[in-house]
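The values are calculated or read from the model by the stated rules, or taken from the named source; none is laboratory data. These numbers come from a predicted model, not from an experiment. All Cβ positions, glycine included, derive from the backbone under ideal geometry; neighbour counts span all protein chains shown.
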Protein chains: 2
Amino acid sequence: MTDATPVTISAFDWVPEFARGRVRDLIVRWALEELGRPYRTVLLDARQPRGPDYLAWQPFDQVPAYREGEVELFEAGAILVHLAEGDERLMPRDPAARAKVLSWTIGALNSFEPPVRQYSLLAVFQRDQPWCEDARDAFRPLAEKRMQRLADALGDAEWIAGRFSIADIVLVFLLESVAEEELVARFPTLVAYRARGTARPAYQRALQAQLDDFTDEAARGPTEGA
Amino acid sequence: MTDATPVTISAFDWVPEFARGRVRDLIVRWALEELGRPYRTVLLDARQPRGPDYLAWQPFDQVPAYREGEVELFEAGAILVHLAEGDERLMPRDPAARAKVLSWTIGALNSFEPPVRQYSLLAVFQRDQPWCEDARDAFRPLAEKRMQRLADALGDAEWIAGRFSIADIVLVFLLESVAEEELVARFPTLVAYRARGTARPAYQRALQAQLDDFTDEAARGPTEGA
């Protein structure tokens, strides 16, 4: 493969308003924009069950899936690692620096995101449950601890692992996607870090491309959610 | 670095009985055993706060952290990718086959584990809460859906992505660590897959090494958990 091999990613053609700018194809679009790499999208109808062809490409029935010649990947984090392996703009080649980027990229997805997401989505999906507040109280300490650890590790640095890398793409996306701003707002260094990330022209182009791929909400009927 | 560079990993010197064989240094020990690569452990007291030196190595204050000469990593998944990059026994070099292993490895950690863990740990850590059963009912469908998707994708295959790879190390570890056996037991192909993984001599050696590193439970006082 070369940089000329066409890239295809999957995305949804519609999601509810609150999810716009938070769907994970944005992670991959951003990385591709950082590399100046064109891509095309296969748009999925979020309200129709996907068939076996899509499950063979993306077994968890999510977006994004990725195709580049004979190479197929699913899972935004895996696609990022794949894209970064060949390009120092997303991950340094020096073994120690590269190890740090890999650690933060996967740490963001497996240690930072789950407790933060678990806590912050309760208020979205369980808000009508009588036990919602009790569960929030139970899950909040771990979410806050992870935010605190990230803030401590970032300190005054511009990016989390030396130069800008895929670790920042994941972390800034996750901070931008936290359903409860109040969880982030307590950490001014993380608010500033997120703002540095989303100010990058590549992020802005990726976000616009995701939004442009959604059909007009008014043109659609009611949905059960994406 | 060469295969002769000494490897050090962190682990706990004690965890409660239910967590033994389920602490994540096992993932890395297993991969190292598959490679026949010796390592030494730095044992942490799970009941004492770790200091800034350890947080500089492992910012989320978990195990395992990894050191190999000047290369330091944290997060089991990142360590696996690092180990696998240099060795076809853990990940093929062919780009398409490698992409599949990367996808399943990170998919296991970011799409499979969080809902399964969230559901199954409720019965461990929230079992005395009056809302525990309601939360279990709310979180169970997504956990089951992920198990079903994994079972569908595995089908009759021996391993998830062609030959044995780091994707199997993560998935078998996660299946073995699910706090509720009943969630796995409904899927005979996953039970058999897990048994194939844990029957590997490298897994058995890794498990024994983790267990051997725990101090005698009777010699310790009560704990607040690890």
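At a glance:
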item	result
Test result for B:Gln118, within 8 Å of chain A (Cβ to nearest Cβ), surrounded by fewer than 18 Cβ atoms within 10 Å (Cβ to Cβ) and modelled with pLDDT under 95	no
Residue list for segment A:67-79, restricted to those being at the interface with chain B (Cβ under 7 Å from one of its Cβ atoms), surrounded by fewer than 24 Cβ atoms within 10 Å (Cβ to Cβ) and in a loop (DSSP other than H, G, I, E, B)	A:Glu70
Residues (part of a loop (DSSP other than H, G, I, E, B) and either on the phi > 0 side of the Ramachandran plot or more than 10 Å from chain B (Cβ to nearest Cβ) (or both)) located in segment A:121-160	A:Arg127, A:Asp128, A:Gly155, A:Asp156, A:Ala157, A:Glu158, A:Trp159
Every residue from segment A:180-208 that is of a type outside the set (D, E, K, R), out of contact with any Gly (no Cβ under 7 Å at 6 or more places or on another chain) and buried (at least 18 other Cβ atoms within 10 Å of the Cβ)	A:Leu183, A:Val184, A:Phe187, A:Leu190, A:Tyr193, A:Gly197, A:Ala202, A:Ala206
Residue match in segment B:51-61 (condition: outside the structural domain of B:Glu176 (by TED's automatic domain parsing), buried (at least 17 other Cβ atoms within 10 Å of the Cβ), within 30 Å of B:Arg163 (Cβ to Cβ) and not small (Gly, Ala, Ser))	no
Conditions (1) under 17 Å from A:Thr105 (Cβ atoms); (2) under 18 Å from the mean Cα position of the chain (by Cα): number failed by A:Gln118	(1)
Residues that are closer than 18 Å to A:Arg98 by Cβ, assigned to a helix (DSSP H, G or I) and more than 7 Å from chain A (Cβ to nearest Cβ), drawn from segment B:80-104	B:Leu80, B:Leu83, B:Ala84, B:Glu85, B:Arg98
Options B:Glu34, B:Glu85: the member that is farther than 28 Å from A:Arg146 by Cα, assigned by TED's automatic domain parsing to the domain that holds B:Arg20 and either in contact (Cβ under 8 Å) with a residue 60 or more places away in the chain or among the aromatic types (Phe, Trp, Tyr) (or both)	B:Glu34
Residue selected from segment B:37-66 under the condition aliphatic (A, V, I, L, M) and in a helix (DSSP H, G or I), by the criterion nearest to B:Gly86 (Cα to Cα)	B:Ala56
